[in-house]
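Encoded as C-alpha cells, the structure appears first; notes follow it.
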Amino acid sequence: MKAFEYFVIDCPEPAGAEMYRGIISDVLLDLDLIRIIGQFRVRIDPELPVFIAVGFTKKLPGLIRIGNFCNVLPKPDGSLLLDVGSESSLAAMLTVLWERFGRDNIDQPDRFTVVVHPHEPVTVDELSDIVVVDPSEGMYRDLIYGLQWAAPEGFKVRRQYHKDNRFYYVASEDTLPADVVETLVAEQFAAMEAEQ
Amino acid sequence: MTFVPITYKGGVYKHDIVTDLIDDLGGFIIQRHVIASDVVVQALVPQEDIELIREISRPLAGEVSESPLVGTEIAVVSPSLEIHHLPHSSCDIAEYLRRSGAKTNMVGLARGFGKRIANLSIEERNVINEHDCAVYLLGSFEACIEHKFPTLRRGITVPIILSGGPDTAALQKIIDPPVEGYVGNIGRVGHRMRKEGEINKLDELVDEISQVLTEVRKGIAKDPLSVSPARLMKVLDDTWGITEGSTHPTPITVQIDGLRVKLPYEEFAEKIGTTVIDEDVTVADVTEIRQSKMRNYILLKIKRFSDTAIMI
C-alpha cells in the first residue's frame, strides 16, 4: 500500500504527537483510506484546545455507470436485457433499478442476467448512462468518520469541509466561529505548502 | 500460614485431583472457569505447598503460576465507552489484568472525556470506591491530564494507579497530590496491544498494581481482618450454594478486605448476615453488610480485629 506523499503532525508535546501519528495511521489503515489521501497535515494544540486536520486526496476513480460493467441489449418486447460482466456493483445497480422502475419490473433470471421492463420507453444509451456508484460519496463519509475517531474524544464541537480534492476537519471543546476556523485552516494549508 | 495467589491451567480431565488437593491443603478456590476442554482455576494456597501442587499437576499437563492479582477486584476507569478508548486500549488492559487473576470491572465514565468538560458523577465515584483500587486510563497529552485529573479523582478513596500517554516521570511531575502508582507510555492506541513493547508495558502495569496492593495488604496486616475474605467466601458458598445457583462468572467476588455477593440485597442481606461462620460467630458479627452501588448486589466489608475482638 502506498503511504502518504506528505504527513506531518504538529503538536507542542512531541510524545503526544508521536502517539497521535500511530492512532491516525491505525484508523486510516482500518478504514482503507491511506491509499486515497495524498497530503495530510494535523495540528493538535491541547492547551487551546483544538484539533485541525487538513489535506488533499488523490485522484479518485470516476462514477460507475451501468454501461461500464453491463452489456445492454434491447429485446423485441420493449424490455432491456443487461448482461452483467462484473458482480462487484450488481447489488448497487439492482437498488438503483428497483428505485427507478419498481421491483415488479426488474427480473433476475440468473446470477449474471437482469431484465428491465420499463413502464415508459427507455433507450439503451439512457439505461447505460445511469450512475450506480459514486466512489467519492462513501469515501468522504469514511474520511470524516475516521477523523472523528482519531481526534480527541472531548472535542465535540466540529466543522468539516470537502470539495474537489481538498478537505479539512476542525474540532474543539469550545465554540468554533467560522472566521476562526477559516484562519486556522488557512494557516495549516499554508504551512503544508511551505514545507513541501 | 501465608497464602499465595496462584492460577492453575490445564485440561478438564482429572482436574478435580488438583482442586481437591488445594482443598485438603487448606487453600481456597476463588474461581474455576471451564472453557471447552480447558480449565482455569484461581486459588489462594499455602506458600509452602506450591511445589507439591506443581508436582501433582505435572502428570496432568497442568501449569501452576503465581498470579499476584488473584483475590482482588479492580476498577478500570475509562473516560468513556466510545470507540476512542474501546476496545483498545481499555479492554486490552482489563483483559490483561484478568489474566493475572484480578476481577476487573470496566467503569466507563459518562462525561470523562475532554479537558474542560470532564466530570465524575457521584454514582461513578461510589462504584469506583467499592473496589480495591482504580486504574485510570487517560489520554496522550500532559496538558490535558494535568487539567482534568483533579476532577476525575475527586472523592476517590481507594488507591489510584494512573496510566497515560506521557512517560512515568512526566505523570509524576504533573499530578499533585501524588497518587499511589504511575505507568506512563500507555495512552490511546488504535490497534490491539500485542507488540513486544506494549506487552512489556502491560506487565509493568501489573507490577505497579501488585506493589500498590501489597502496600494495602501491609496496612491491613497491622490490624488484621476478623476473617479472611476467601474463607468467608467458602462459608457462604457452602451454606447457600451461591456458585451452583448462579450464572455469573464470579458469583462471589473476593476483594482484599471484603466480598461482593451477587444476590439481590433486599432478599438475601439478612440471610447472609445470619450465616454461621464458626460456633456462635455469624457473618453480621464480623462484617459490615452494605447495598452495593453496582446493580443491587450485597457488599460485605470485613471488620478489623480491633473492632470485633474476633479472629477466625
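All of the numbers you see were taken from the coordinates with simple rules; none came from a lab. Note that the coordinates shown come from a computational prediction; the quantities given were computed from them, not determined experimentally. Positions of Cβ are backbone-derived with ideal geometry, glycine not excepted, and every protein chain shown enters the neighbour counts.
The calculated FRET efficiency for residue B:204 paired with residue B:248, based on their beta-carbon distance and R0 = 35 Å, is about 0.70. Excluding residues fewer than 8 places away in the same chain, name every one of the aspartates and glutamates whose C-alpha is closer than 17 Å to that of residue B:222. Straight-distance partners of residue B:222: B:257, B:307. Residues considered: B:170, B:134, B:94. Largest GNM mean-square fluctuation over chain B, using C-alpha springs under 10 Å, is found at B:170.
How far is it, in nm, from the label point at residue A:32 to the one at residue B:63 when both lie 7 Å from their Cα along the line to the Cβ? Each label point is offset 7 Å from its Cα along the Cβ direction, giving 3.7 nm.
Normalised radius of gyration (Cα atoms, divided by 2.2 N^0.38 Å) for region B:229-308: 1.00. Computed on the Cα atoms alone, the convex hull of region B:3-66 gives a volume of 62 cubic angstrom per residue. Candidate cross-link partners of residue A:75 among the aspartates and glutamates, defined by an alpha-carbon separation under 13 Å and a same-chain spacing of 8 or more, comprise A:83. All other residues whose Cβ lies under 15 angstrom from that of residue B:174 are scored, Lys and Arg at +1 and Asp and Glu at -1, for a net of -2. Note on chain A: Cα-only Rg and Dmax are 22.6, 72 Å.
If the segment from residue B:129 to residue B:220 were pulled out straight at 0.36 nm per residue, it would be longer than the present Cα-Cα gap by 31.1 nm. Gaussian network model of chain A, Cα springs within a sub-10 Å range: biggest mean-square fluctuation belongs to which of A:40, A:56, A:155? Greatest mean-square fluctuation among the candidates belongs to A:155. In loop segments of region B:239-312 as defined by DSSP, the trypsin sites (Lys or Arg not before Pro) with at most 13 further C-beta atoms inside 10 Å of their C-beta are B:295. Highest mobility in the GNM of chain B, judged by mean-square fluctuation with C-alpha springs under 10 Å and restricted to B:87, B:46, B:177, is found for B:177. Modelled spin labels at residue B:309 and residue A:128, positioned 7 Å past Cα toward Cβ, are 10.3 nm from each other. Annotation: average projected area of region A:64-133 is 4.1 square nanometres, based on the convex hull of Cα atoms across all directions. Once C-alpha pairs closer than 8 Å and six or more residues apart are averaged by separation and normalised to the residue number of region A:77-196, the relative contact order reads 17 percent. Residue pairs exceeding 29 angstrom between C-alpha atoms, taken from B:262/B:303; B:14/B:195; B:115/B:301: B:14/B:195; B:115/B:301. Shown is the FRET efficiency for residue B:295 and residue B:17, computed with R0 = 25 Å from the Cβ-Cβ distance and rounded to the nearest 0.05: 0.10. For residue A:191, what charge total do you get from the other residues with a beta carbon under 10 Å from its beta carbon, if Lys and Arg give +1 and Asp and Glu give -1? Surrounding charge for residue A:191 is -2. Of the trypsin sites (Lys or Arg not before Pro) found in region B:1-42, those that fall in a DSSP loop while having at most 15 other beta-carbon atoms within 10 Å are B:14. Using only side-chain charges placed at the Cβ, +1 for Lys and Arg and -1 for Asp and Glu, the dipole size of chain A relative to its Cα centre rounds to 240 debye. Projecting the alpha carbon convex hull of the protein assembly as shown along each direction and taking the average yields 33.2 nm². For Cα pairs less than 8 Å apart in space and 6+ apart in sequence, what is the mean separation divided by the residue count of region B:73-221, i.e. the relative contact order in percent? So the answer I get is 24 percent.
Here the protein assembly as shown is treated with +1 on each Lys and Arg Cβ and -1 on each Asp and Glu Cβ, and its dipole about the Cα centre works out to around 500 debye. Ranking A:118, B:272, A:136 by how far each Cα lies toward the positive end of the dipole of the protein assembly as shown (charges on Cβ) leaves A:136 at the top. Residues of region B:289-312 with an amide N closer than 16 Å to a point placed 7 Å from the Cα of residue B:282 along the Cα-to-Cβ direction: B:289-290. Longest stretch of chain A clear of exposed loop sites (trypsin sites (Lys or Arg not before Pro), DSSP loop, at most 11 other Cβ atoms within 10 Å, sites excluded): A:112-196. Over the C-alpha atoms of chain B, the Rg to Rh ratio, Rh being the Kirkwood estimate, stands at 0.98. In plain terms, chain B is cut at each of the GluC sites (Glu not before Pro) found in a DSSP loop with at most 15 other Cβ atoms within 10 Å, and the longest leftover piece is B:83-243. Taking one quarter of the surface of the C-alpha convex hull of region B:73-221 gives a mean projected area of 8.1 nm².
Note on region B:12-103: with charges restricted to the Cβ of Lys and Arg (+1) and Asp and Glu (-1), its dipole about the Cα centre is near 260 debye. P(r) for region B:154-285, from all Cα pairs and a bin width of 10 Å, is 10, 28, 25, 23, 13, 1 %, short bins first. Using the Cα centre of region B:73-221 as origin and beta-carbon charges of +1 (Lys, Arg) and -1 (Asp, Glu), tell me which of B:78, B:172, B:96 is placed farthest towards the positive end of the dipole. Sorting the options by dipole projection puts first B:78.
With a cut-off of 16 Å, note down the residues of region B:257-275 whose backbone N falls inside the zone around a label point 7 Å from the Cα of residue B:237 toward its beta carbon. Correct set: B:258-263. Of the GluC sites (Glu not before Pro) found in region A:1-110, the ones in coil according to DSSP and having at most 14 other Cβ atoms within 10 Å of their Cβ are A:5, A:47.
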